[in-house]
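Q: Input: one structure, supplied below.
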Amino acid sequence: MSKQPWITNAKTDLLFIIAPTFVALVLAFVFAQSYFFHETTPLWAWVVFVLLIDVAHVHSMLFKTYFDTGSFQKHRILYTLTPLLC
């Protein structure tokens, strides 16, 4: 069995990549009766939960591409030109 490949280390990866999704889901279940499933959901609540859930995949992509120096060096042109061209 091989060692688990972490982007930086287990603690940092779990805290910034995995945890935001689960924190957002727990908060959504905790506040489901008071804010969600009602037509009067405050805009701030919707934004917070959408951004918390959505940010998880953004952080994951950033860590796997731009913050991983080996990957960035290997694909420097692709990672630089893609955002500029889009």
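No value in this document is a laboratory result; all are computed from the given coordinates. Predicted, not measured: the structure shown is a model, and the values here were computed from it. FYI the Cβ positions are ideal-geometry reconstructions off the backbone, even for glycines, and counts take in every protein chain you see.
Q: Apply the Karplus parameterisation 6.51 cos²θ - 1.76 cosθ + 1.60, with θ equal to phi minus 60°, to every residue of segment 62-73 and state each ³J(HN,Hα) to the nearest whole Hz, in sequence, with x for glycine and proline.
A: 5, 5, 6, 10, 6, 8, 8, 4, x, 5, 5, 4
Q: With a point put 7 Å past each Cα toward its Cβ, work out how far Leu81 is from Trp44 in nm, to one decimal.
A: For the pair Leu81/Trp44, the computed spacing is 4.6 nm.
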